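Quick notes on the structure that follows.
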Amino acid sequence: MPIWYSEQQNENLLLSCRIRQTLHVEKTPFQDLAVVDTVQFGRMLVLDGVVQTAIADEFAYHEMLAHVPLNAHPAPRRVLIIGGGDGGLMREVVKHKAVERATLCEIDERVVEVSKQYLPELAVGFEHPKAEVFIGDGIRYVSERKDTFDVILCDSTDPIGPSVGLFSREFYQAVYEALRPDGIFVAQTESPYFHTGMFARILNDLRGIFPVARGYWTLVPSYPSAAWSFSLGSKKYDPLAVEVEQIPDLGTRYYTPEIHKAAFALPRFVLNEIEEQAKKGA
Ligand code: SAM
């Protein structure tokens, strides 16, 4: 008799995956944590019932969150990751020769430990000599540092619980101050279909803080709507100004120099929402 795991994506929508087995379940001090082995997507990390990352398609998300900003910055020596406790983003960041130190600030130590046990393909990132892990709240960590990082990447859960503040204008202002004068920030900013308003609001927030602010997106089939957005704020470099020929081959499975640019082409309905909100906010 098949067993199914269902993620309630909103009050009207479930994503159900047939599972081979449930590998781990626990309640951490911050969230319900589970690892299930699904037929379609392989092993999957689930927090508070929400899919975080799955072996079958995590690369599309982690590559796009890492390589777009890191290839847009000429010398990303100091990188900060907020969240990212599964290690997949760290794995991609440390592929860049220019990176001297990559710090990951994750609020829940159990996510790191369980990922090391059940998701070694992602947690391998933690073994790199350039990688360091700090257990704590990313909001506080950023607010205590000024003029420190070349790139800051926010790989948080959805805006519920401890990550709500990571989607606020105040946090983006603190990130601006924690970045060096030519720093770049990127955050995962949910589905452009199901969270169009939030994506647009965040882009307008970033436009009010950074001289360069752009949205881009990728495809992650295990995520709600499969389309997934990122919001970028840059104090100097424009990711669209990158010479495609200059982009190194990092052995990626999704990211390509052409996708680096094409990903910034947003659908008309998203552009309309951004404009609408900008007019309201003006
Ligand atoms: N790729 C996933 C996504 O797009 O939804 C995110 C994966 S990663 C597991 C998300 C991590 O953010 C979780 O491990 C969670 O504990 C962490 N997190 C949430 N709020 C945080 C905060 N305020 N500071 C640091 N880490 C936080």
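Before moving on, here are some points about what is shown:
- Residue in the range 86-100 that is among the basic types (Lys, Arg), within 14 Å of the ligand (Cβ to nearest atom), touching an Asp or Glu at 6+ places or on another chain (Cβ under 9 Å) and under 16 Å from GLU7 (Cα atoms) present: no
- A single entry from LEU33, LEU45 fulfils the requirement of being of a type in the set (A, V, I, L, M, F, W, C), under 30 Å from ASP249 (Cβ atoms) and at pLDDT 95 or above: LEU45.
- Qualifying residue in the range 163-171 (condition: farther than 25 Å from GLU100 by Cα, in contact with a helix residue (DSSP H, G or I) (Cβ under 7 Å, 6 or more places away or on another chain), surrounded by fewer than 23 Cβ atoms within 10 Å (Cβ to Cβ) and among the basic types (Lys, Arg)): yes
- ARG101 fulfils the conditions (1) in contact with a Leu (Cβ under 8 Å, 6 or more places away or on another chain); (2) under 27 Å from ILE135 (Cα atoms); (3) not hydrophobic (A, V, I, L, M, F, W, C) except for a single criterion, (1).
- Of the residues making up the range 86-101, one or more are closer than 16 Å to ASP150 by Cα and in a strand (DSSP E or B).
- Close pairs from the range 5-22: first touching a residue at least 24 places away in the same chain (Cβ under 8 Å), partner open to solvent by less than 50 Å² (accessible area, probe 1.4 Å) and among the charged types (D, E, K, R), Cβ under 6 Å, at least 6 apart: LEU15/GLU7
- Near pairs, Cβ below 8 angstrom, 6+ apart or cross-chain, from the range 80-100 (more than 22 Å from SER143 (Cα to Cα)) to any residue that is crowded, with 24+ Cβ neighbours inside 10 Å and among the hydroxyl-bearing types (Ser, Thr, Tyr): ASP86/THR53; ASP86/SER115; GLY87/SER115; GLY88/THR53; GLY88/TYR61
- From ALA200, ALA187, residue being of a type outside the set (Asp, Glu), surrounded by 18 or more Cβ atoms within 10 Å (Cβ to Cβ) and within 14 Å of the ligand (Cβ to nearest atom): ALA187
- Residue satisfying all of: in the range 1-58; open to solvent by 50 Å² or more (accessible area, probe 1.4 Å), assigned to a loop (DSSP other than H, G, I, E, B) and aliphatic (A, V, I, L, M); nearest to ASP158 (Cα to Cα) among these: VAL39
- No other residue among TYR193, TYR176 is over 16 Å from the mean Cα position of the chain (by Cα) and free of Cβ contacts under 8 Å to residues at least 40 places away in the same chain apart from TYR193.
- Test: residue in the range 10-20 that is more than 9 Å from the ligand (Cβ to nearest atom) and either within 23 Å of HIS128 (Cα to Cα) or within 17 Å of the chain's Cα centre (by Cα) (or both): no
The values are calculated or read from the model by the stated rules, or taken from the named source; none is laboratory data. On a predicted model such as this, the values are computed, not experimentally measured, just so you know. Methodologically, a virtual Cβ is constructed for each residue, glycine included, from the backbone with ideal geometry; neighbour enumeration extends over all protein chains shown. To get the accessible areas, we keep the full protein, side chains included, count just its heavy atoms, and leave off ligands, DNA and RNA. Shrake-Rupley method; radii C 1.70, N 1.55, O 1.52, S 1.80 Å.
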